[in-house]
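First up is the structure itself, then whatever we jot down about it.
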Amino acid sequence: MPDIPVLELRGITKQFPGVLANDNVNLTLMPGEIHALLGENGAGKTTLMNILYGLYKPTKGEIFIRGKHAEIHGPTDAISQGIGMVHQHFMLVPVLTVTENVMLGQETVKSGVFLDKRTVARQIREISAQHGLDVDPDAYIKDLPVGVQQRVEIIKVLYRNADILILDEPTAVLTPQEVEDLFEILQSLVDKGISIIFITHKLKEVLAVADRITVLRRGKTVATVTPAESTEQSLAELMVGRAVELTVQKGEAVPQEPVLSVRDLVVKDDRENVTVDGVSFTLRAGEVLGIAGVQGNGQTELVEALTGMRQVYTGSIRLLGKEVANATPRTVTEMGVGHVPEDRQRDGLVLSYPIKDNMVLNTYYRPPFAHWVVMDEEKIIEAAEKRVKEYDVRTPSIYATAGTLSGGNQQKVIVAREFSRPNKLLVASQPTRGLDVGSIEYIHRRIIEQRDSGTAILLVSTELDEIRALSDRIAVMFEGKIVAVVNAADISKEQLGLLMAGAMPKDMPPSAVVAQ
Amino acid sequence: MADEKKKATKERNGNGFWRRAGRTMLIPLLAVVVGLLLGGVMVAISDPVVLRGLSPNPWLVVPSGEVDPSSQIDLQTALKFHKNELQIGDYLAFKRGNSYIYREVVKEITDRETQIDFERAKNRAPNLEAGNVAIVLTFSDRPFFVFEAAGRAVWQAYRALFIGSIGDPQRIAEGWRAAVQDGNWLAFREAMRPITESLVTSIPYIFAGLAVALGFQAGLFNIGAEGQIAIGAALSTYLGYSLTGLPAVLHLPIALIGGMVGGAFWGIIPGYLKAKTGAHEVINTIMMNYVAFRLMSWLLRGPMQRPGAGKPVSPFVLESAYLPTFFGPPLRLHAGLIVAILAVIFVWWLLYKTTIGFELRTVGANPNAAKYSGMSVARNIVIAMGISGALAGLAGANEVLGLNHFLAEGFSPGYGFDSIALALLGKSHPLGVVLAALLFGTLRSGATSMQSLAQVPIDIITTIQALVIVFIAAPEIIRWLFRLKATGEEEKTVITRGWGS
């Protein structure tokens, strides 16, 4: 390994009012290395990378690029120093082509005014071929799958001649297969001499792809380790600062009477496309049914239909023996359904409201929180204080707005609100998306607790590990249909992956109910 | 336990309310200050003296050779050569050596001869002597005079604004003395007229501001307050003159409620259209305004025209429907103020203490979360527009029952439109609306006296109001001016959701 690090951060400290986001952080990136930056949400990973990208000015500390002291005052400086960033949320214009997106902001022109798309397209093909990034320069972004869009982002960075690549949570939006592809691409980039900082909180990925791992905890560098000397368990402990249960402890499920029974459900999305296409299943009290599937195969619309938020086209939903297709969300809630929505910021919370109001978002109108139309502030505060304590929401006070909380704590607010009602059915959609190990462990434990107290749980997740860890039975959704329902214990991860991709694996377990 | 509760309350109040209120009010307050400062600049540069000072050849120059230095101070001599060019606002100054020892603005020209009171000049400048040269100054001679003139113009303008909107402290003191000594309150009442007039102007602003603010809170942009005011006023007027023989305790509330019903009806129409068909309330409330204006024109020329009147005016409202005045003439302050205060308290209670307000605010802050929580977005839109319209209608009823006592076209000088700006300034909070309404009412009612006393056009006030709104809408400017740091929490004024939603 060459001696001069391509990038070195020394003693980076960033003080925000009231928060020490980075505290004397050190990071050394060697040429041709994949360096994982691991930490819980709120550990200061993103702040650190924003400092490196020139979006924040560090309170203290220095940045060295290729051994030379560097002052980075903005993304333009960062790009000219060869630093490129692929954000978690892609910065692409959907209605433009790949070529147009890549040249955006750095347009190559001929005769002064005309865009020289042909040259850029050729350069894109060259970059693609060189690194095994299979992208058609003339395709429109909106037609491309998420995984390919991410490649476009990487090409964009390479087109600007970056040799330090920062990837912020790159696998959060990808299918398992796409993750594999991404890792291959990263390996090929590194082989060509590019250095990569890989930000994540997923332990498996870090172990699979990183050369070295720097762990951040509460703004401090806790350790820099190699995958060889680490295990998932040891990394999780470094991240959280205590021993962590990675696997959910759960006993055998005791399924009782059916709570929810869905028959031939058809639901359309906002653009009138059929996205749930004749789905049927039954869910019993005291069991967890996991709906597995790649994002966008109808899970969202299924959940919305079940919770009254979306019109049912045809079919029936029977909840506790009553037909609830096209019932209002309030009716469904009052029948004893808790709902952890997929998009917590869009549906689950009012970010500008204090936590106490978010805690009663769907029970505000009934005693003890309101009598007639007058809300009982004392009771709301009392309940909020209790739930914040009980569900370990880390907040300075219940009067802080939900928008000031970290993602994990926002989710805990929702979980506290939904789980503290006596539920017959709990619909949890992506309950741990974007959360850190500690919060995931906590929320998983709560879900199993609910199951054991006799609640029927419908778990929708795109995380295979989560589905496998929590579910008693798994239903796999593909293109709006449930392609198979199996006992969780009987099926391997690989078989599930194939089902999610629309293929039918051989050797399906005898317990499986396979759609025709 | 009780202690704990007390502590919690204290924490809530100490930590939350006052600090938040202070933080929320800082930017509007600074915006008002900057608006007044910029208004001052505009007053200054539109002042005739300043303009003259800034023009290329502004001042009369008396060449020194034309004045005999040994002679008496002789203004006539000095001006002999130029008296036809002398203008009000020119500077006269007396010079000894290189320094000016006395200067005065020409205030009056009689028969093209200007007298100067030498004794007075001597008093002000003791070292003024016979033989000092009197000259008329040029700008290049002493730019300071331009600034002085500018300062004088601004001072006079804002003094006139203050006297016209709050009152002349001297007159108030004298009136008070007279009242205490002789028991004659007339002079005192006269002196208090400006401040009560400001309150009178603030009342419709409070109602209309509440109307728009409540709409904002529910995510609706109610531009139709002006039309709702008109319809409210029309219905209120009708009930005011057509119901005869009722006692005031019945008649007045009926007329007020009529105003609310009229406004609410006019607000519910676009609300319902939005809830049912998604038609954008901005467009529909604008259109409803035009319908309301034409409807009022027709009513005043047809069914509601005062018998025998050649003009489009309604009959007079019966005295039993008057909002009573607090004091005798010339003070017009009426009980509409009490209704307004009750409305403020009611809206505050509704928004922050009831489930209705919780739903309205949730729909405004995040309609998706509102739907998720089982609230009916459509129903809340209709409710919000109804309450908003009712409040605007009260503004109209208030003008008719409290001030004019009959309906005529143009009775509202744009209260409904001003109240949009006002609600923004008040951050859509009832208490903020009251403060903003008092400010607007004061500016509006002082503007007239500013025009008559200081010759500053009324439009300056409109411009100041506009500037304040620009700074509220773009708080970054204020933050930059005062080097304020953005508070971590987002304090965006959510006006309305996009056109598409």
Beta carbons within 10 angstrom, averaged per residue: use that to sort the peptides A:377-386, B:394-403, highest first.
-> B:394-403, A:377-386
Please say if segment B:229-353 is rounded, prolate or oblate, where rounded means a/c under 1.5 for a ≥ b ≥ c the square roots of the C-alpha gyration tensor eigenvalues, and otherwise the choice is prolate for a/b larger than b/c and oblate otherwise?
-> oblate
How large is the helix-only mean residue ellipticity at 222 nm for chain A, computed as the sum of -39500 (n - 2.57) over DSSP H runs with n ≥ 4, divided by its residue count, in deg cm²/dmol to the nearest 500?
-> -9000 deg cm²/dmol
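Divide the volume of the convex hull of the Cα atoms of segment B:335-410 by its number of residues and quote the answer in cubic angstrom per residue.
On the way: hull volume 7.3 nm³, N = 76.
About 96 Å³ per residue, rounded to a whole number.
For segment A:393-516, count the residues as N, evaluate 2.2 N^0.38 Å, and divide the Cα radius of gyration by that value, please.
Here the answer is 1.22, to two decimals.
Which number comes out as Rg/Rh for chain A once both Rg and the Kirkwood Rh are worked out on C-alpha atoms?
A ratio of 0.99.
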Indicate, rounded to the nearest 5 percent, the antiparallel portion of the DSSP beta bridges found entirely in the protein assembly as shown.
-> 65 percent
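Would you calculate the convex hull of the Cα atoms in the protein assembly as shown and tell me its volume per residue in Å³? Please report the intermediate quantities before stating the final value.
Numbers: hull volume 284.3 nm³, N = 1017.
It is 280 Å³ per residue.
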Rough spin-label spacing in nm, given labels placed 7 Å along Cα→Cβ, for A:ARG421 and B:LEU453 | 6.2 nm
For segment B:200-456 the mean separation of alpha carbon contacts under 8 Å (6+ apart) over residue count, i.e. relative contact order in percent, is 40 percent
Excluding B:GLN465 itself, calculate the net charge of residues whose Cβ lies under 15 Å from the Cβ of B:GLN465, where each Lys or Arg counts +1 and each Asp or Glu counts -1.
-> -1
Shielding of A:39-49 by partners, i.e. mean partner chain Cβ atoms within 10 Å per residue?
-> 0
Rounded percent of accessible protein surface that carbon and sulfur make up, segment A:299-351, 1.4 Å probe | 47 percent
For peptide A:359-366, compute the average count of partner chain beta-carbon atoms within 10 Å of each residue's beta-carbon.
-> 4
Answer check: segment A:416-489, Cα atoms, Kirkwood Rh, Rg/Rh ratio of 0.96
Kindly flag which residue pairs out of A:LYS45/A:LYS250; A:LYS110/A:LYS156; B:LYS276/B:LYS427; B:LYS274/B:LYS427 have an alpha-carbon separation exceeding 27 Å in this structure.
-> A:LYS45/A:LYS250; B:LYS276/B:LYS427
Under the 7 Å Cα-to-Cβ spin-label approximation, A:ARG122 and A:ARG366 lie apart by a distance in nanometres of 7.0 nm
A 1.4 Å probe over the protein heavy atoms gives segment B:345-475 a carbon and sulfur accessible-area percentage of 69 percent
Among B:460-472, A:301-313, A:50-62, how do they line up from the highest to the lowest mean number of other beta-carbon atoms within 10 Å?
-> A:301-313, B:460-472, A:50-62
With a sphere of radius 12 Å drawn around the Cβ of B:ARG159, what net charge do the other residues whose Cβ falls strictly inside it have (Lys, Arg +1; Asp, Glu -1)?
-> 0
Cα centroid separation - segment B:449-470 against segment A:130-175, whole Å | 57 Å
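Taking K and R as +1 and D and E as -1, what net charge do the other residues with C-beta under 12 Å from the C-beta of A:SER261 add up to?
Computed value for this residue: +1.
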Using a 1.4 Å probe on protein heavy atoms only, how many Å² of accessible area do B and A hide from each other, summed over both chains and rounded to 100?
-> 2600 Å²
Return the inverse of the average 1/r over all pairs of distinct C-alpha atoms in segment B:282-374, which is the Kirkwood hydrodynamic radius, in Å to one decimal.
-> 17.9 Å
Measure nothing fancy, just the Cα-based angle from helix A:377-390's long axis to the longest principal axis of chain A, in degrees from 0 to 90, nearest 10.
-> 60 degrees
C-alpha long axis of helix A:176-191 to longest principal axis of chain A, angle in ° = 10 degrees
Please say if segment B:365-486 is rounded, prolate or oblate, where rounded means a/c under 1.5 for a ≥ b ≥ c the square roots of the C-alpha gyration tensor eigenvalues, and otherwise the choice is prolate for a/b larger than b/c and oblate otherwise?
-> oblate
Pairwise centroid distance, computed over Cα atoms, of segment A:464-516 with segment B:219-236, Å | 60 Å
Hull surface divided by four, with the convex hull built on the Cα atoms of segment B:200-456: how many nm²?
-> 14.8 nm²
Peptides B:246-253, A:278-285, A:263-270 ordered by average Cβ neighbours within 10 Å, highest first | A:278-285, A:263-270, B:246-253
Chain A, relative contact order [Cα under 8 Å, separation at least 6], % = 14 percent
Starting from the Cα of A:SER188, step 7 Å along the direction of its Cβ; do the same at A:ASN161; then give the gap between the two resulting points in nm.
-> 2.3 nm
FRET efficiency for A:ASN326 and A:ASP490, Cβ-Cβ distance as r, R0 = 25 Å, nearest 0.05?
-> 0.10
Would you mind classifying segment A:143-234 by shape? Square roots of the alpha carbon gyration tensor eigenvalues, ordered a ≥ b ≥ c; an a/c under 1.5 is rounded, otherwise it is prolate if a/b is larger than b/c and oblate if not.
-> prolate
Tell me which residues come under 5 Å, amide H to amide H, from A:ILE166 once H is placed; ignore anything under 5 positions away on its chain.
-> A:GLY84, A:MET85, A:VAL86, A:ILE197
Averaged over residues of B:372-380, the number of beta carbons from other chains lying within 10 Å of each residue's Cβ is 6
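The values are calculated or read from the model by the stated rules, or taken from the named source; none is laboratory data. No experiment lies behind these values; they were computed from the predicted model shown. Cβ sites come from the backbone with ideal geometry, for glycine too, and all protein chains shown count toward neighbours. For the accessible areas, the whole protein counts, side chains as well, though only heavy atoms, and no ligand, DNA or RNA atoms are used. Shrake-Rupley method; radii C 1.70, N 1.55, O 1.52, S 1.80 Å.
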